[in-house]
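Accompanying notes for the structure given below.
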Amino acid sequence: MEAAGRFVGIDLGKRTYEMCLVDQKGKITRTNGKTDFKGLDKLCEKLSADDLVAIEACNLAMRIERQIRQTVGCKVFVLNPGKLAIIYMSTRKTDKEDSLKLAKLLKNHDEDELPIVTPPTDEEWERRKLLSEYKSLKGLRTKEINKLHAIFEHAGFTQFKRKDMCCEKNRNNILPLLKGYEKEEAARLIERLTLLEKQIEQLLQKINAEVESDEKVQLAMTVPGIGPITALAYVEYMGDLSRFDNPHQVSNFIGFVPKVDNSCTIRHSGRTTKNGNALLRSMLVQAAWGAVRSKDGGALRDKYKYMSQTKGIGKGKSIVTTARKLGELLYMLLKTNTEYKPQKFITPEFKISKLAEETLAVNT
């Protein structure tokens, strides 16, 4: 990669960073500092607008990338650490060596050869944080409900189910059944659940406001099984869809494609790579269950039934495949700005039999 300025590699830690600058003649300059506000201001002062900067992807990297880009104006590449074998397979791995390798990677490779992670826009960043907090609070609520259910079970009230603990009114009605310390502990759990549910409701209002203001999210919601949260997550985590050339690239980005080992006569497909965002992947799987249970599921529903019932493939694999097709379908709908319309899934056996019938008809 040719540039007028220097090639800069930055290795980030929680509180400090190591920076290596390599000029066009190969001269190496090293520096370091802290990752607090003052430290990052000093880091920006050491850079110039014609420098090229490489950083390994992490939460801190996204914030630093934004600050360098806005303050200095130079180009910053956020790289996927899982695809930087030159670093994680090194026999000598230190912060200084990692920063040097990042700088040399920029110098010796073109931009299209780098494993670049596209940084989110400010709007995408805010929405991702909103979705992440919502998912986190939902997880905490589930844990608290499980604890409350366990208290009643241990106290001998086995007639209650977890769903009985989900409603505030039900919880307050059955609390007097407990005695002693169990009652005190359950009361504290119910207090936490009430607070959590109030915060979840506040986040839901924010999410609904974002959904109402975004036409792409509303378009994604025309697909059965896709609710406002999944639709918003898909739009925000996928980002600019124009960077994908085909649906297969979308599945690869999400992490739904299998690992492939093709060598000579060996043809082996392993488990899915799971390289993409775990939150988006889990939401698409949940949405796939909704799609296959919907009467308007169309080809998605038929695909799942064909795999799980006709071919005898396990429900887990079948639903993951359906989720992959769901992600590809959303990509096509959003890219073409088209609303969802149910279509019938044509099985391979049907295609072959129809072709045979057409051949016989021509011969007779």
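The values are calculated or read from the model by the stated rules, or taken from the named source; none is laboratory data. Treat the numbers as computed from the prediction; the structure is a model and nothing was measured. Methodologically, a virtual Cβ is constructed for each residue, glycine included, from the backbone with ideal geometry; neighbour enumeration extends over all protein chains shown. Heavy atoms of the whole protein, side chains included, go into the accessibility calculation; ligands, DNA and RNA do not. Shrake-Rupley method; radii C 1.70, N 1.55, O 1.52, S 1.80 Å.
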Report summary line: the chain, Gaussian network, Cα under 10 Å: of Leu79, Leu195, Leu284, the residue fluctuating most is Leu195
Report summary line: Taking alpha-carbon centroids only, the stretch 268-335 lies from the stretch 89-126 a number of Å equal to 33
Report task. Sort 25-34, 111-120 for me by packing, meaning the mean count of neighbouring Cβ atoms within 10 Å per residue, highest on top. Result -> 111-120, 25-34
Report summary line: Net charge (Lys, Arg +1; Asp, Glu -1) of residues whose beta-carbon lies under 14 Å from that of Ala209, Ala209 excluded, is -4
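Taking the Cβ of Thr29 as the center, what net charge do the other residues with Cβ under 10 Å away carry, scoring Lys and Arg +1 and Asp and Glu -1? Let's see the in-between values first.
Numbers: positive: Arg6, Lys27, Arg30, Lys46; negative: Asp23.
So the surrounding residues net to +3.
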Requested in this report: Rank these residues by their accessible area, most exposed first, probe 1.4 Å: Val72, Val217.
Outcome: Val72, Val217
Requested in this report: Return one whole number: the accessible area per residue of the chain in Å², for a 1.4 Å probe.
Outcome: 59
**Report entry** Radius of gyration, Dmax [the stretch 1-71; alpha carbons; angstrom]
**Finding:** 11.6, 33
Report summary line: For the chain, the accessible surface attributable to carbon and sulfur atoms (probe 1.4 angstrom, ligands and nucleic acids excluded) amounts in percent to 51
Report summary line: Heavy-atom accessible area of Cys58, protein chains in place, probe 1.4 angstrom, given in Å² to nearest 10, is 60
Report summary line: By accessible area (1.4 Å), largest first, Arg271, Arg281 order as Arg271, Arg281
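Using just the helices of the chain, give the 222 nm mean residue ellipticity in deg cm²/dmol: DSSP H runs with n ≥ 4 each add -39,500 (n - 2.57), and the total is spread over all residues, rounded to 500.
Details: 14 runs with 199 residues, N = 364.
That comes out to -17500 deg cm²/dmol.
Going down the table (Lys104/Lys259; Lys138/Lys163; Lys216/Lys335; Lys27/Lys96), which pairs top 19 Å between alpha carbons? The partial results should precede the final answer.
Numbers: Lys104/Lys259 29 Å; Lys138/Lys163 15 Å; Lys216/Lys335 10 Å; Lys27/Lys96 15 Å.
Distance filter (> 19 Å) returns Lys104/Lys259.
For the chain, what is one quarter of the convex hull surface built on the Cα atoms, given in nm²? The partial results should precede the final answer.
Values: hull surface 113.1 nm².
In nm², the orientation-averaged hull projection of the chain is 28.3.
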Query raised in the report: Once label points are set 7 Å from the Cα along Cα→Cβ at both Gln159 and Ala49, what is their separation, rounded to one decimal in nm?
Result: 7.7
